[in-house]
Amino acid sequence: MSESFSQLRLEAVTRRYAGGGESPALSELTLAINQGEFVALLGPSGCGKTTALNCVAGLVPLTSGAIYMDDKRVDTLPTEKRRFGMVFQNYALFPHLTVRRNVGFGPKMRKEPKDEIERQVSAALKLVRLSEYADRFPRELSGGQQQRVAIARAVAMEPSVVLMDEPLSNLDSKLRHEMRGELQELHRRLGLTTLYVTHDQEEALSLADRMVVLRNGRMQQVGPPEELFDHPVNSFVADFLGYRNLLPAQVTVVGDGLLQLTGQGFALSSRTSGEFAPGGDVTVAIRPDDIVVGGVGDTAIDAVIEAVAYLGKQFEAEVEVNGGVRLHLRTDERLELGQRVTLGVDPRRVMVYPGSAPADDESPELASQS
Ligand code: ADP
Ligand code: MG
């Protein structure tokens, strides 16, 4: 049986590679994962996701910090003693072993009795619906099936924690969607504590109980998907979560829970709270599907459709605001090239961040931490 515990805790976990330059690949990551929880580590390539996972797995040593399971320190234990299940992007199956022997590898290494291994392997293969493929070799399976074998192998370890590093990123988009559903179902049934790495925000939003966004090795925000999606803490997280419109603007009026803003060719209101003063430079973040054709309240931005694509159900358009910026929007309304439209956004869906720095610059509050 897998060990029971109530929390896996990362405390200021830091990893610096030799020759890795000024800043560590992973910097002081502190995070508590509860038993049964599904936590996704999300961020662009190079932000330190794999490093974080490998630190937890014991595949790379920490430069500083510690990892605990409840009161037991585990970062000082060798990989095999941690009894974590691992699933990698490239499946990492043994090519010369059958599916059955791949899945039975963990229990066999632990020298469990033969009938016990047989039981664990059958249960794991049944779970991923590959019982009929037990005697095939990995090369005789599709990518999706191979990844399911890798998942079965992790599950057969009866692990206390499952670590997955972009397990779906080598699959085509249809299969990726299918497998996402299977992972969801698997997690629902087994309730395995899971730390899941991805650069795909949709995957993280749909699978995770909580998401952690990393940037340059530093945690930006942690919380349930809805919280990050609705209230990204900075323009980097906003950008990463699909707030495609990131616009420089100025605060004109600070009112009772409402900010008035102007930018190049537009005026908007926002319910964002925070310390803003009239005249201050800010960055406004808006999701394409929060822009309403026809206007909202007294927000009316005149624009012309510059490009439009039909997505099967919705229209995606790029518009140019009179004398100003370009916006991306998504709508059910039929739109045509060259059409003049009036646009609005619910003030609750207009995010405002201090400073006019674009998302790829260090924002002031992050720079001060380094
Ligand atoms: P991600 O998985 O988010 O793409 P990684 O954790 O692989 O990011 O990498 C984080 C940073 O650490 C990157 O800048 C990467 O180049 C660097 N890095 C990763 N592995 C090594 C290594 N073995 N040696 C030196 N630098 C590394
Ligand atoms: Mg990686």
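The values are calculated or read from the model by the stated rules, or taken from the named source; none is laboratory data. Note that the structure is predicted; figures quoted are calculated from it, not measured. Here the Cβ positions follow ideal geometry from the backbone for every residue, glycine too, while neighbour counts run over all protein chains shown.
If I filter segment 55-71 for residues that are under 20 Å from ASP165 (Cα atoms), within 16 Å of ligand 2 (Cβ to nearest atom) and assigned to a strand (DSSP E or B), do I get at least one hit? Within segment 55-71, none of the residues are under 20 Å from ASP165 (Cα atoms), within 16 Å of ligand 2 (Cβ to nearest atom) and assigned to a strand (DSSP E or B). Within segment 235-260, the set of residues being within 16 Å of ligand 1 (Cβ to nearest atom) and farther than 17 Å from PRO354 by Cβ comprises PHE240 only.
Residue-wise test of (1) within 15 Å of GLY255 (Cα to Cα); (2) surrounded by fewer than 18 Cβ atoms within 10 Å (Cβ to Cβ); (3) touching a Ser or Thr at 6+ places or on another chain (Cβ under 6 Å).
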position	(1), (2), (3)
ARG271	yes, yes, no
VAL282	no, no, no
ILE291	no, no, no
ALA303	no, no, no
TYR310	no, yes, no
PHE315	no, no, yes
VAL321	no, no, no
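Within segment 146-172, residues that are at positive phi have Cβ atoms under 7 Å from residues that are more than 16 Å from ligand 1 (Cβ to nearest atom) in these pairs: GLU158/MET1; GLU158/SER2; GLU158/GLN120, counting only partners at least 6 apart in sequence or on another chain. Of all residues in segment 11-36, those that are polar (S, T, N, Q), surrounded by 14 or more Cβ atoms within 10 Å (Cβ to Cβ) and within 15 Å of ligand 1 (Cβ to nearest atom) total 2.
Within segment 85-103, residues that are in contact (Cβ under 8 Å) with a residue 24 or more places away in the chain and among the polar types (S, T, N, Q) sit with their Cβ atoms under 8 Å from residues that are away from ligand 1 (no atom under 16 Å from the Cβ) and assigned to a loop (DSSP other than H, G, I, E, B), at 6+ positions apart or across chains, in these pairs: THR98/ALA134; THR98/ASP135; THR98/ARG136; THR98/PHE137; ASN102/LEU93; ASN102/PHE94. Taking residues in segment 192-207 that are within 11 Å of LEU168 (Cβ to Cβ), and partners anywhere that are of a type in the set (Phe, Trp, Tyr) and not in a helix (DSSP H, G or I), the pairs with Cβ atoms closer than 9 Å and at least 6 places apart or on different chains are TYR196/PHE38; GLU203/TYR196; LEU207/PHE38; LEU207/TYR196. Beta carbons closer than 7 Å, at least 6 apart along the sequence or on distinct chains, pair a first residue in segment 14-26 that is within 20 Å of ALA66 (Cα to Cα) and of a type outside the set (A, V, I, L, M, F, W, C) with a second that is part of a loop (DSSP other than H, G, I, E, B) and within 15 Å of ligand 2 (Cβ to nearest atom) for ARG15/ALA25; ARG15/VAL60; ARG16/ALA25; TYR17/ALA25; SER23/ASN216; SER23/GLY217; PRO24/GLY217. Checked against the criterion of being away from ligand 1 (no atom under 16 Å from the Cβ), buried (at least 22 other Cβ atoms within 10 Å of the Cβ) and either part of a loop (DSSP other than H, G, I, E, B) or modelled with pLDDT under 95 (or both), the candidates PRO278, PRO232 yield just one match: PRO232. The residues in segment 44-54 that are in a loop (DSSP other than H, G, I, E, B) and either outside the structural domain of LEU214 (by TED's automatic domain parsing) or near ligand 1 (Cβ under 6 Å from one of its atoms) (or both) can be counted, and the count is 4. When we screen LEU8, LEU97 for residues that are part of a strand (DSSP E or B) and either near ligand 1 (Cβ under 9 Å from one of its atoms) or within 24 Å of LEU168 (Cβ to Cβ) (or both), the only hit is LEU8.
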